[in-house]
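In what follows, a single structure is set out as structure tokens and then discussed.
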Amino acid sequence: MSQNPTHGSTATRIDRLLVGAVDPHVHSGPSIAARAVDHLELARQASEAGFAAIVTKDHDYSGVMTAALIARHHPELTTKVYSGIALNNVVGGLNPYAVEHTAAMGGKIVWLPTLASEHHLVWEKTSSWVHPATTQKIRPASAVPVLDANRTVRDDAKEILDVVARTGLALASGHLHVSETWIVFEEAKRRGVERLIFTHPEDIVGADLDDVRGIAALGAFVEHSLAFFLPSSRSRSRTIEDLRDHIEAATPDRTILCSDLGQVGATPPIDGIREGIQMCIDLGYSDEDIRKMVSLNAARVLGIEADLPAGRVAA
């Protein structure tokens with residue numbers, strides 16, 4: 001971990017690091033779950049802060065159409081808005097047509113099952129978390145398995161991996177158990193998938209630091225949800241020391257910091273990234289390393305380096 005003297009005030013330093021930032025995992029609305037900010041409002045806020053891009057995530061639909069509308073009707077916004085698709089029940093689970101459509105419409109990420117993953121449905125029973133849509137608006141989720149009884153990747157999941165490889169989308173592990181992520185990512189590599197994202201190993205998915213090291217060594221970027229680390233976050237389950245340990249396990253070269261925010265009553269997404277940068281400063285990370293974790297690495301795995309300010313393209 002390299003040290004870097006602060007030039008000017010810390011607030012000014014954070015403002016500078018926000019310019020060109022990329023949040024690849026943010027829960028703006030509209031959504032079946034209550035959201036504090038919608039996609040357009042978030043794009044405006046991100047543009048004011050100088051973000052290069054955001055990727056909106058909803059557990060139940062692909063936001064690519066909304067992203068296209070924002071781009072067409074709000075050319076004044078400097079932040080690019082992208083989206084992706086989570087392979088849960090509402091989109092048909094492991095639906096290759098939906099993935100192809102997302103790619104054709106400029107989507108960037110395919111999240112393997114989240115709220116409908118077999119592991120999530122088990123985890124949910126022992127946690128205090130309840131998705132507001134589960135019992136109030138639609139029927140409870142049913143499992144979308146990715147492995148068969150022999151713990152090998154199912155044929156319908158392989159078809160998804162082939163679409164991802166062919167279209168250049170990034171594949172995120174979603175809420176799979178880490179043991180499943182290892183198997184799926186290894187198969188994905190064999191099938192030509194080049195962009196891999198390990199989703200929040202610090203919570204839900206049962207990972208440890210050895211998993212972080214190993215999956216990063218496999219070629220994945222490790223994405224940490226600041227919602228689990230921020231002192232201001234209602235979802236906080238980890239400490240600043242845990243954040244340091246996770247960063248060091250993968251190294252700043254393979255770490256992505258996202259907000260995973262947008263929920264009603266939660267820290268606003270832009271504030272969350274700001275607070276996350278403050279934590280990295282407090283941990284002694286250099287501006288160069290922080291920029292990798294809040295901008296360059298995400299841009300690289302999403303293939304959006306062209307969106308970054310001049311001179312800030314990942315090597």
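Coordinate-derived values only; no laboratory data. Please read all numbers here as calculations on a predicted model, not as lab measurements. Note that each Cβ is placed from the backbone with ideal geometry, even for glycine, and that neighbours are counted across all protein chains shown.
Quick notes
- Descending Cα extents along the principal axes, region 48-185, whole Å: 51, 37, 24
- Least to most buried among Asp60, Asp162, Asp260, Asp210 (fewest other Cβ within 10 Å first): Asp210, Asp162, Asp60, Asp260
- Gyration tensor (alpha-carbon) shape descriptor, region 207-315, a/c threshold 1.5: oblate
- For Lys189, Lys137, order by how many other beta-carbon atoms lie within 10 Å, fewest first: Lys137, Lys189
- Top of Pro252, Pro30, Pro269 by mean-square fluctuation, Gaussian network on the chain, Cα under 10 Å: Pro30
- With respect to the chain, whose longest principal axis is taken over its alpha-carbon atoms, helix 269-282 is tilted by about 60°.
- Order of Arg238, Arg72, Arg154 - criterion: other Cβ atoms within 10 Å of each residue's Cβ, fewest first: Arg72, Arg154, Arg238
- Two-site label geometry, Arg191 and Tyr97: point separation in nm, points 7 Å out along Cα→Cβ: 1.9
- Of the residues Cys258, Val144, Ala207, the one whose Cα sits farthest towards the positive end of the charge dipole of region 10-307 is Val144 (charges of +1 on Lys and Arg Cβ, -1 on Asp and Glu Cβ, taken about the Cα centre).
- Qualifying GluC sites (Glu not before Pro) in region 5-90, where qualification requires a DSSP coil assignment and no more than 11 other C-beta atoms within 10 Å, comprise Glu76.
- Once the Cα atoms are used to define both axes, helix 39-49 deviates from the longest principal axis of the chain by about 30 degrees.
- Cβ-Cβ FRET estimate between Arg72 and Val19, R0 fixed at 22 Å, reported to 0.05: 0.35
- If you count Lys pairs in the chain whose Cα atoms are under 23 Å apart, skipping same-chain pairs closer than 8 places in sequence, the total is 12.
- Helix 240-250 and the longest principal axis of the Cα set of the chain meet at an angle near 70°.
- Separation of the Glu241 and Glu48 label points, Cα + 7 Å toward Cβ, nm: 3.8
- Inverse of mean 1/r across different Cα pairs in the chain, Kirkwood, Å: 19.3
- Note on Arg166 and Thr251: the extension gain reaches 27.7 nm, defined as 0.36 nm multiplied by sequence separation minus the Cα-Cα distance.
- Pairwise centroid distance, computed over Cα atoms, of region 275-302 with region 99-118, Å: 26
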